[in-house]
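Encoded as structure tokens, the structure appears first; notes follow it.
The values are calculated or read from the model by the stated rules, or taken from the named source; none is laboratory data. What you see is a predicted model; the values in this text were computed from it and never measured. In this analysis, Cβ positions are derived from the backbone assuming ideal geometry, glycine residues included, and neighbour counts consider all displayed protein chains. What goes into the accessible areas is simple: the full protein's heavy atoms, side chains included, and nothing from ligands, DNA or RNA. Shrake-Rupley method; radii C 1.70, N 1.55, O 1.52, S 1.80 Å.
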Amino acid sequence: MSNTCCNRRVAVRSRREFLEKSSYSFGALALGYLLRSTQSLASTSSMGAVNPLAAKRPLYPAKAKQVIFLFMEGGPSHVDTFDPKPTLSRLEGQPLPPSFLKQDVSLAQINARESKLMGSRRTFKRCGQSGLEISDLFENVSKFADDIAVVRSCYHESFIHGPALSMLHSGSLRLGYPSLGAWVLYGLGSESQNLPAYMVMSDTYIRSSKSLFGSGFLPATYQGTLVSMQGSPFENLTPPAEMDPSSQRVVLDQLKTWNERHLEQRSDDTSLQARISNFELAFRMQSAGPELNDISKEPESIRKLYGLDAEPTAKFGRMCLLARRMVERGVRFVHLYNNDWDGHSECDKNHVENSRKTDIPIAALLTDLKQRGMLESTLIVCAGEFGRTPVMQGNSGRDHHPYGFSIWMAGGGIKGGKVIGATDEIGWAATQDRVHVHDVHATILALLGLDHMKLTFFDSGRDMRLTGVGEEGTHSFTDKLLQG
């Protein structure tokens, strides 16, 4: 018995020592579990450091490998673009029916009791073999009716630009949350070693600026890179003329050593981690960046296709061409912004001007991707932050309207020529197969082979995700997009 007690004491002491000496190992086990559960296991570089942007396998077979998000900032009118409402035109000039005033929507910016219904000034046509109805604002895009899936029943909760933009980009009405692009990088990493994995371009300004494509509470390395449309596309990329590549490499290696030594005591400083990664990426981009931006070798037929040598299509056409070149080189997520669809006054005039800038370039992008065999693996999403009211505001204008609006998708395995959901007879609210913005995000992730419920990040004491916490009602409508 004495020997038994002695053995037990030895066993207890051994277990205690094991637990004390293995605490870091248990932490590593827990971390490994979390990484696996979110498909975030990163590869190891030759330097031995974890590369957070290493390409990762999707959780499920993916239909799309990359995303080009065409954002029509300001809010295009759904009833003038992709959601025809003949009843609205028939009731032109009449007051909004009392039944609509009773709906659970905010009318803070809409003087609905005095406003009059205003029909569309556009002509809608049935396009392609599918007969998809698209307005004459997008005569060139309409040629791809059989490749496009229109979602007419989108909605969310804010009629103000700031929160609405935040919702479309990050799934939250509040700033400070990771953008959709950042989540995609977090889940899938980058396939490009020499270019940023998440690129952003705009033809003018971006409301809410860099917060829309930021990394939020995710590590800073997942944020988007803004590409300038004037002058050099990437800031601080050209080294001093007197510094040759070998000397620059020596400087960067020494700087990396100092930074990593500094980081050892500050392992949670994601900004520092991102800067270290960015120095290395910038070194590799010195040749890849200018090559990406140099479109001089593109044939004349491509320049003409995108409208590069004419106005008003030149700027957005260049953005669309660069987007194709980016995904061709392995960039995971590209965000393009066109301004400004905020048609408070003379909405039809506003939309005509903006469609003239974008219709030809967007159609060119679809043409180019399709003829290169890239459309199947590239998901195209086109949306604004909300739609616009079916009632008139001011001088033939329309106000913001998030209660029912349209977006469209193409590529990424989607079977086009279809409509998902519907708004009521005047376009006031989504009524059939209602699709919240969280549903849109869940679907984009699903097409990329990710599960929105499993792509999480532990922050502020809880697992956070793009589509919100505890919202089990969020669903993906992927099956409807993929069905012929």
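Please give the contour-minus-distance gain from S396 to E133: 0.36 nm per residue of separation, less the Cα-Cα distance, rounded to one decimal in nm.
In short, 92.3 nm is gained.
With a 1.4 Å probe and all protein chains left in place, how much of the accessible area of the stretch 284-385 comes from carbon and sulfur atoms, in whole percent?
50 percent
What is the extension gain from N293 to R121, computed as 0.36 nm multiplied by their sequence separation minus the C-alpha to C-alpha distance, in nm to one decimal?
58.0 nm
Taking the convex hull of the Cα atoms, report for the stretch 333-484 its projected area averaged over all directions, in nm².
Directional mean of the projected Cα hull area for the stretch 333-484 stands at 11.0 nm².
Okay, which of the stretch 324-350 sit inside 20 Å, backbone N to the point 7 Å along the Cα-Cβ direction of D459?
Zone members listed by number: 333-335.
How far apart, in nanometres, would the label points at A55 and S345 be if each is projected 7 angstrom from Cα along the Cα-to-Cβ direction?
5.2 nm
Excluding ligands, DNA and RNA, what is the solvent-accessible area per residue of the stretch 314-415 at a probe of 1.4 Å, expressed in Å²?
Value returned for the stretch 314-415: 24 Å² of accessible area per residue.
Please list the non-local residues whose amide H lies under 5 Å from the amide H of E133, H modeled 1.01 Å from N, same-chain partners needing a gap of 5 or more.
So E133 has HN proximity to C127.
Pairs to check: K210/K454; K56/K480; K63/K454; K210/K297. Give those whose C-alpha atoms are more than 29 Å from each other in this structure.
Check vs 29 Å cut-off fails for K210/K297.
Taking a spot 7 Å from the Cα of K210 along the direction of its beta carbon, which residues of the stretch 52-85 have an amide N less than 20 Å from it?
53, by backbone N distance to the label point.
In the stretch 62-203, carbon and sulfur make up what percent of the accessible area (probe 1.4 Å)?
46 percent
Using label points projected 7 Å from each Cα along Cα→Cβ, tell me how many nm separate T257 and R329, to one decimal.
Each label point is offset 7 Å from its Cα along the Cβ direction, giving 3.2 nm.
In nanometres, what is the gap between the two model label sites at V352 and K304, each 7 Å from Cα along Cα-to-Cβ?
2.8 nm
Sequence-distant or interchain residues sharing an amide H contact under 5 Å with D459, placed H: which?
M464
Check G216: other-chain or 5+ apart residues with amide H under 5 Å from its amide H, H built from backbone geometry?
The answer is S179.
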